[in-house]
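Asks: Below you'll find the structure I mean.
The values are calculated or read from the model by the stated rules, or taken from the named source; none is laboratory data. Computed from a predicted structure; not experimentally measured. Glycine gets a Cβ as well: all are built from the backbone with ideal geometry, and neighbour counts include every protein chain shown. For the accessible areas, the whole protein counts, side chains as well, though only heavy atoms, and no ligand, DNA or RNA atoms are used. Shrake-Rupley method; radii C 1.70, N 1.55, O 1.52, S 1.80 Å.
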Amino acid sequence: MTPRLLRSLLLLVCLSLPILRAQDSRPSPEPTAQLAIEKVLRERLARPITGPLDVDLITLGEDLCGASPRDVRFSLDERFLIFDWKRWNEKERGTFVYDIERKELRRLDDGDEAPLAERDVVLSRDRRLALSSRDERLSLIDLDSMAERVLMPLLGGMRAQSFADHDRALILRSGDDLFAWGIEDGALRRLTRIEAEKPEDGKDDRRRYLEDAELRLLRHLFEIEQKRKEAEARREARKELATFAPPKGFSTGRLEAADDLGRVLALFTKAEKTTATKMPRYLSGDGYVTTFEARPKVGDDGHENRFALLDATTGKEIAVSLPEALGKGPFSIRSLGFAPDSSRCVLLFRGRDNKRAALVEVARDGAARVLHEVEDPAWVHHVGDDAGFLADGRFWFTSEKSGFNHLWCEKASGAEIDQTTRGDWLIDRVLELPADAPGLLGPGPGPFDVAVPSGLLIRTSRAGPAERHFEHSTPRLPVGLRLRDGVWSDLVLARSGRALAIVFSRCNEAPRLLLRVHPDSVTLSGVLPADASPPWNEIEITDSPSPAFKSRTWIEPEFVQVEASDGVEVPARLYRPKDLAAGAPAVIFVHGAGYLQNVIRGWSSYFREYMFHDLLVERGYVVIDLDYRGSAGYGAAWRTAIYGHMGGRDLEDQIDAARWLVRELGVDEKRIGIYGGSYGGFITLMALFKHPGVFAAGAALRPVTDWAHYNHGYTSNILDTPQEKPEAFERSSPIWFAEGLADRLLICHGLEDHNVQPQDSIRLAQRLIELRKTGWELAVYPAEAHGFRDAASWADEYKRILALFEATIGRAR
């Protein structure tokens, strides 16, 4: 190295040192202050709660009160129980696997695959074989030995769909067509040839005239065209199946083959162009605002379904003449499956206005008849939510035709349909039982006075609207099954019936997961006599709450009936101080979704609100939470009481609750507040705008302010469309009544809310500004969607709500 070059290098190093020192001195690229706050808060989870509740702690949500186990399933070999969950000291949810034999619970690392479960495979009819498509290959699993046989790689989007031919063939879908693959001989048979019509050639009439004239004038060109047509005809003749073209403008949806491989049911969908709303995203990561498309608005919907029954031996369509009583459509159509003997299939038809629904049977030869129909001048909701065929070929389904969602079943295969369960209670879940499962379920308090078809397990509200329990019936012993008294229960059955996972909760206790295992590892003992002791072993798998949550006794709400102004008893959960004095303040919480049930003897999905209500009770407030008209769980009449007028009877129930609090509990009528999110935010706005003075203050969280701007599926059921009934939208939308605001109002909205979009609150804010209203504020949350995700956002929102109530109806007023 020359001296000159060495001097140059030293000079370069010296010049670089200040730059390197500057880079080293730059602050670490992390929000240190916020991370320190989060660390301190999370440390509180491990310590007992010694003082009053505070908003920062309760808005830690599941970290504090415990996470609910979700997506519970058994592995195919029934050695493992798999579920989505988190421990209180874990930041994110993950997949957990419980080893039943070793009694060990572990969390899967990111990227690890959970053992195969029933949802991951296609089961054969006898439930002894399974098809797996994991790792882009098709495998056949013998569920008795768990031996796996790799059949073929899955190429070009091919996927396994079902078993057929008495479990001797597999149905595969590739593109828009179905194929049958013989398990034993490996023979592949094409069942459909569905091809969309070729688009028009784009030639105008002048061009077509010239081509036609050439063929008539010149033999040479005529002979060339004839040879082309003959070659095309020969190619078509060599095809095993005729080509079927979907209706113009429709795309191929679900394809389903009958077990005998003789028929294929094809559903087609048409989606007309709609206009989606565009939303800004302010926190994009690079400092620039971006936009994304959200959804269309009510009245902007062009979805339609059609179907075809195809002969799988010829590819030709079998003519189906739909009953005239069904009407002309357009329809939304869903397949409920083929009968086990392939003699018929059942389809669910819904009119676009959703005021009529029908179950239609289509026979092998195309003959069709209506099995069951429901009409409602408001809207039809529960029809065919659960449906299927029993082993003996009888078709069963659930329907709200009687006013409550009940079980209906054919008396014999293809025979008259009978309503199997009756009463002013409902069924919200149906499970198909393995043959020996009742032995595991055991006897309940029974007797169950309705004969549920053998092989079905139903979850009902027969014990009361606030409870859910399972009921089943066998030829030997019809019983009801109470997994736990006075709680909200759900269950998952292992494929063999030898194990049962139970998720249960109480009002002040987050859901827990229990495992019930039969001690006989081979088979069950059958249905037990009523006086037999349980044969199962029960293991508690999850313990969710944090030490902080466990350190105190959380309030258990009272279940009351609020008499409404029309004489109807409205169910409610009541929270009140033990030493309640006359003149206390009160808050009404309005649950969201509209069609949701919150007055339950179980853990509410509004668990942060539940803890907030405990905080309010500590401060001397009374809190009440109604299942107002329009809520789920009480039948069709309750659901449709808001038809044509949201903010009518549902709002009156809140007003009546305020009066009830004054009359029954001595609450100060001038110290009542109201709050809620989504639909609850909508009701809060309607209450303040239409009934000034009833509530001293209200907090409307992510509220719908104008139903003409909400989505089609939900809104059109209740109000139809703005084009058809503008008056229904105007009398149901708070923005039209904003001039009535005279009390304090807080509005909170996430700027990434693509469900109830922030435009709703922004438009209302502009109207309030133009009306020169005071005493209201709007808080926006840049990173939040409809359901907040960050504890800091929850804390900010609920600190504002608490400050509003304390300043207007609480101690600080």
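Asks: What's the total number of residues in segment 549-597 that are within 20 Å of Gly635 (Cβ to Cβ), among the acidic types (Asp, Glu) and not in a strand (DSSP E or B)?
Replies: Count: 1.
Asks: Hey, does segment 672-693 have a residue that's farther than 23 Å from Ser732 by Cα, at pLDDT 95 or above and buried (at least 23 other Cβ atoms within 10 Å of the Cβ)?
Replies: Taking every residue of segment 672-693 in turn, at least one turns out to be farther than 23 Å from Ser732 by Cα, at pLDDT 95 or above and buried (at least 23 other Cβ atoms within 10 Å of the Cβ).
Asks: Would you pick out the residues in segment 298-327 that are in a strand (DSSP E or B) and of a type outside the set (Asp, Glu)?
Replies: His303, Asn305, Arg306, Phe307, Ala308, Leu309, Leu310, Ile318
Asks: Quick one: in segment 347-362, of everything that is assigned to a loop (DSSP other than H, G, I, E, B) and touching a strand residue (DSSP E or B) at 6+ places or on another chain (Cβ under 9 Å), which residue is surrounded by the fewest Cβ atoms within 10 Å (Cβ to Cβ)?
Replies: Taking the candidates together, the pick is Arg352.
Asks: Here's a follow-up. Can you pull out every residue in segment 610-658 that is under 15 Å from Ala572 (Cα atoms) and part of a helix (DSSP H, G or I)?
Replies: Result: Tyr610, His613, Trp638, Asp650, Leu651, Glu652, Asp653, Gln654, Ile655, Asp656, Ala657, Ala658.
Asks: List the number of the failed condition for Arg344; all other conditions in (1) out of contact with any Pro (no Cβ under 8 Å at 6 or more places or on another chain); (2) charged (D, E, K, R); (3) open to solvent by less than 40 Å² (accessible area, probe 1.4 Å); (4) more than 19 Å from Ala164 (Cβ to Cβ) hold.
Replies: The number of the failed condition is (4).
Asks: Let me ask you something else. Check whether at least one residue in segment 256-276 is free of Cβ contacts under 8 Å to residues at least 12 places away in the same chain and either crowded, with 17+ Cβ neighbours inside 10 Å or assigned to a loop (DSSP other than H, G, I, E, B) (or both), and report yes or no.
Replies: No, that holds for no residue.
Asks: Okay, next question. For segment 756-780, enumerate the residues that are in contact (Cβ under 8 Å) with a residue 40 or more places away in the chain and either touching a Leu at 6+ places or on another chain (Cβ under 7 Å) or not basic (Lys, Arg) (or both).
Replies: Val756, Gln757, Pro758, Gln759, Asp760, Ser761, Leu764
Asks: Kindly establish whether Val704 is open to solvent by less than 10 Å² (accessible area, probe 1.4 Å), closer than 19 Å to Thr275 by Cα, among the aliphatic types (A, V, I, L, M) and under 26 Å from the mean Cα position of the chain (by Cα).
Replies: The answer is no for Val704.
Asks: Right, another one. How about segment 130-235: which strands (runs of 3 or more DSSP E) wholly inside it have at least 1 residues that are open to solvent by 40 Å² or more (accessible area, probe 1.4 Å), closer than 26 Å to Lys316 by Cα and in contact with a Phe, Trp or Tyr (Cβ under 9 Å, 6 or more places away or on another chain)?
Replies: Answer list for segment 130-235: 188-190.
Asks: Considering only residues that are open to solvent by less than 20 Å² (accessible area, probe 1.4 Å) and farther than 25 Å from Leu64 by Cβ, which ones fall in segment 762-780?
Replies: The answer is Leu764, Ala765, Leu768.
Asks: Of these, Gly620, Gly602, Gly583, which one is open to solvent by less than 20 Å² (accessible area, probe 1.4 Å) and either out of contact with any Cys (no Cβ under 7 Å at 6 or more places or on another chain) or at negative phi (or both)?
Replies: Unique residue meeting the criteria: Gly602.
Asks: Could you grab me the full set of residues in segment 497-521 that are part of a strand (DSSP E or B) and either modelled with pLDDT under 90 or touching a Lys or Arg at 6+ places or on another chain (Cβ under 8 Å) (or both)?
Replies: Once the filter is applied, which keeps residues that are part of a strand (DSSP E or B) and either modelled with pLDDT under 90 or touching a Lys or Arg at 6+ places or on another chain (Cβ under 8 Å) (or both), segment 497-521 yields Ala499, Leu500, Ala501, Ile502, Val503, Phe504, Ser505, Arg506, Arg516, Val517.
Asks: Do we find that Arg659 is within 16 Å of Trp554 (Cβ to Cβ) and open to solvent by 40 Å² or more (accessible area, probe 1.4 Å) in this structure?
Replies: It is false that Arg659 is within 16 Å of Trp554 (Cβ to Cβ) and open to solvent by 40 Å² or more (accessible area, probe 1.4 Å).
Asks: With the condition kept exactly as written, say whether any residue in segment 389-398 is assigned to a strand (DSSP E or B), within 16 Å of Thr460 (Cα to Cα), open to solvent by less than 50 Å² (accessible area, probe 1.4 Å) and in contact with a Gly (Cβ under 8 Å, 6 or more places away or on another chain).
Replies: Yes, segment 389-398 contains at least one residue that is assigned to a strand (DSSP E or B), within 16 Å of Thr460 (Cα to Cα), open to solvent by less than 50 Å² (accessible area, probe 1.4 Å) and in contact with a Gly (Cβ under 8 Å, 6 or more places away or on another chain).
Asks: Looking at (1) in contact with a Leu (Cβ under 7 Å, 6 or more places away or on another chain); (2) crowded, with 21+ Cβ neighbours inside 10 Å; (3) under 27 Å from Thr808 (Cα atoms), can you tell me which one Trp794 breaks?
Replies: Result: Trp794 fails condition (1) only.
Asks: Something else now. Does segment 312-320 contain any residue that is without any contact (Cβ under 8 Å) to a residue 60 or more places away in the chain and either touching a Pro at 6+ places or on another chain (Cβ under 6 Å) or buried (at least 19 other Cβ atoms within 10 Å of the Cβ) (or both)?
Replies: no
Asks: Can I ask one more? Would you pick out the residues in segment 330-341 that are open to solvent by less than 40 Å² (accessible area, probe 1.4 Å) and of a type outside the set (Ser, Thr, Tyr)?
Replies: Hits for segment 330-341 are Phe331, Ile333, Leu336, Gly337, Phe338, Ala339, Pro340.
Asks: Considering only segment 708-761, state which residues are of a type in the set (Ser, Thr, Tyr), farther than 23 Å from Trp794 by Cβ and open to solvent by less than 40 Å² (accessible area, probe 1.4 Å).
Replies: If the condition is that a residue be of a type in the set (Ser, Thr, Tyr), farther than 23 Å from Trp794 by Cβ and open to solvent by less than 40 Å² (accessible area, probe 1.4 Å), then Tyr710, Thr715, Ser716, Thr721, Ser732, Ser733 are the ones that fit.
Asks: Another one. Could you tell me whether Ala783 is of a type in the set (A, V, I, L, M, F, W, C), open to solvent by 60 Å² or more (accessible area, probe 1.4 Å), touching a residue at least 24 places away in the same chain (Cβ under 8 Å) and not in a helix (DSSP H, G or I)?
Replies: no
Asks: Could you please let me know if Ala742 is part of a loop (DSSP other than H, G, I, E, B) and either among the aliphatic types (A, V, I, L, M) or in contact with a helix residue (DSSP H, G or I) (Cβ under 9 Å, 6 or more places away or on another chain) (or both)?
Replies: When the stated conditions are applied, Ala742 passes them.
Asks: Right, another one. In the list Asp365, Asp385, which residue meets the criterion of being open to solvent by 30 Å² or more (accessible area, probe 1.4 Å) and outside any strand (DSSP E or B)?
Replies: Result of the check over Asp365, Asp385: Asp365.
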